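Nothing in this text is a laboratory measurement; each read-out follows from the coordinates by a stated rule. The structure presented is a predicted model; accordingly, all values stated were derived computationally and were not measured. Don't worry about glycine lacking a Cβ; one is built from the backbone with ideal geometry, like all the others, and counts go over all protein chains shown.
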Amino acid sequence: MWALKKGQLFNAEYPDYFLNRLVADDVLDNLGKTSSSIAPNHETKTVDVTITLAGEKKKPVPEKPVP
């Protein structure tokens with residue numbers, strides 16, 4: 001799902017865009033708080049990206065009244 005390829009110019013806004021797409025497209029059930037962090041390494045000209053996904057308790061399904 002991660003669209004950036006090795007060697008491609010890094011867009012620092014992409015990790016948050018990626019997380020927003022996960023939420024908008026309902027990719028993961030019970031997705032709670034998400035966050036991302038980036039750590040550029042100027043020596044190697046690479047970027048480490050850490051994506052944090054937290055689960056959320058399922059919301060109870062309301063019971064249907066019995067006729």
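Observations, loosely collected:
- Figure legend. Inter-residue proximity from the stretch 5-27: first residues without any contact (Cβ under 8 Å) to a residue 24 or more places away in the chain and closer than 16 Å to residue 48 by Cα, second residues of a type in the set (Lys, Arg) and surrounded by 11 or more Cβ atoms within 10 Å (Cβ to Cβ), beta-carbon distance below 9 Å, spacing 6+ or different chains. No pairs are indicated.
- Residues satisfying the stated conditions in the stretch 22-40, i.e. assigned to a helix (DSSP H, G or I) and more than 10 Å from the chain's Cα centre (by Cα): 24
- Residue tally, condition loosely packed, with under 11 Cβ neighbours inside 10 Å and in contact with a strand residue (DSSP E or B) (Cβ under 9 Å, 6 or more places away or on another chain), over the stretch 33-46: 4
- Unmet requirement for residue 19, which otherwise passes all of (1) assigned to a helix (DSSP H, G or I); (2) touching an Asp or Glu at 6+ places or on another chain (Cβ under 6 Å); (3) not aromatic (Phe, Trp, Tyr): (2)
- Residues that are farther than 13 Å from residue 38 by Cβ and among the aromatic types (Phe, Trp, Tyr), drawn from the stretch 1-16: 2
- Residue match in the stretch 4-16 (condition: of a type in the set (D, E, K, R), within 15 Å of the chain's Cα centre (by Cα) and in a strand (DSSP E or B)): no
- Positions within the stretch 1-29 being surrounded by 11 or more Cβ atoms within 10 Å (Cβ to Cβ) and on the phi > 0 side of the Ramachandran plot, in sequence order: none
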